[in-house]
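Heads up, the thing below is written out as C-alpha cells.
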Amino acid sequence: MEERSQKVLYVEDNPLNMALMHHLFKKNLPDVLLLEAETGEHGIEMAKQQRPDLIILDIGLPGLNGFETLEHLRHGEYTRHVPVLAISAFAQLSDIAKARQAGFAGYVTKPIHVRTFTEIVLNLLAGGAGRFTGC
Ligand SMILES: [Mg+2]
C-alpha cells in the first residue's frame, strides 16, 4: 500500500516568509508536502479540500486574522481536529497566553528558530503536543 505523505498548510500573507518556509521544509522536512494560502479565507477553503495534518497560521493577516481563522477552522466538520500552530511577530506573554486560550496547538514567534520550529512541527505531525514559545 502506498504511504500517503503528510501535508502541512501554511497560511501567510508575506511572500518572503512563505519562500523561507518552503526553503525550510525542503531542507529539514523533505518528506512533508507544504501547501500554501495567502489569506485566512483561502486557508479555510484549502483546509476543507486538502485535509492537511497540520496548519501553520500567521496571526497578522489581511481580512480574517489568525484568531478569526482559527475560530472558523474549529467549527468546520473536517478541520476541527487539525492542530493549528500560530506563528507571529507578537512575542508578548499576553499574546502567547491569548493563543493558548484560543485553542492553538502551539505558538512560535518570528523570526523563527529553525531547529526548534522543526522539532515542534515534527512533534505535532506525530500526534504530540505543541509548544508555546518565543523560540
Ligand atoms: Mg502576516
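Some notes on this structure:
- Neighbours by Cβ (under 6 Å, 6+ apart or cross-chain): first from region 55-68, under 21 Å from Phe117 (Cβ atoms) and modelled with pLDDT of 95 or more; second open to solvent by 40 Å² or more (accessible area, probe 1.4 Å) and within 8 Å of the ligand (Cβ to nearest atom): Leu61/Asp13
- In region 82-128, the residue that is most open to solvent (accessible area, probe 1.4 Å) out of those that are in a loop (DSSP other than H, G, I, E, B) and modelled with pLDDT of 95 or more is Ala126.
The values are calculated or read from the model by the stated rules, or taken from the named source; none is laboratory data. Small disclaimer: the values here were computed from a predicted structure and weren't measured. A quick note on method: Cβ atoms are made from the backbone with ideal geometry, for glycine too, and the neighbour counts reach across all protein chains shown. SASA here: full protein model, heavy atoms, side chains in, ligands and nucleic acids out. Shrake-Rupley method; radii C 1.70, N 1.55, O 1.52, S 1.80 Å.
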